[in-house]
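These notes are about the structure you will find just below.
The numbers here are math on the coordinates, done by the rules we state, and not lab data. These numbers come from a predicted model, not from an experiment. In this analysis, Cβ positions are derived from the backbone assuming ideal geometry, glycine residues included, and neighbour counts consider all displayed protein chains.
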């Protein structure tokens, strides 16, 4: 532990150098994540939402609204994923919730992908996810 408080060849404390490098790495990671979200995730969500809304020749207003909807869906998904992971929802202690959880939906989708099972055109997955959104928003006893 004492090595953290030694000066290096550049006369700077090793702990300071370590913190600066860590902050730089975190900043780079955040930038890559931001780029990935805006380059891949949001367009994918927006395309799905536009198709679900039946938009053929969307206006600028339609596109702006679809973008807002995509951001809302993304933030809801991220919130629920974080809450399940941090045990803020009943994921670990409630088997009924666990079978309906976002984490379980992700596992199901990954399994389908690995087994090369094509997605059907039904809206059942979206309906299950919107039920989860409602349960988190309004609360649900089970």
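Computed quantities for the displayed model
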item: Sorted by Cβ density within 10 Å, fewest first, the residues 103, 86; result: 86, 103
item: Segment residue 44-residue 138, length gained on full extension (0.36 nm per residue, minus Cα span); result: 31.1 nm
item: Rounded if a/c under 1.5, otherwise prolate or oblate - the range 23-113, Cα gyration tensor axes; result: oblate
item: Residues in the range 39-83 that a label on residue 121 would reach, taking backbone N under 17 Å of a point 7 Å out along Cα→Cβ; result: 48-56
item: Residue order, fewest to most surrounding Cβ atoms within 10 angstrom, among 119, 79; result: 119, 79
item: Cβ-Cβ FRET estimate between residue 93 and residue 71, R0 fixed at 25 Å, reported to 0.05; result: 0.20
item: Packing-based exposure ordering (other Cβ within 10 Å, fewest first) of 66, 130, 99; result: 99, 130, 66
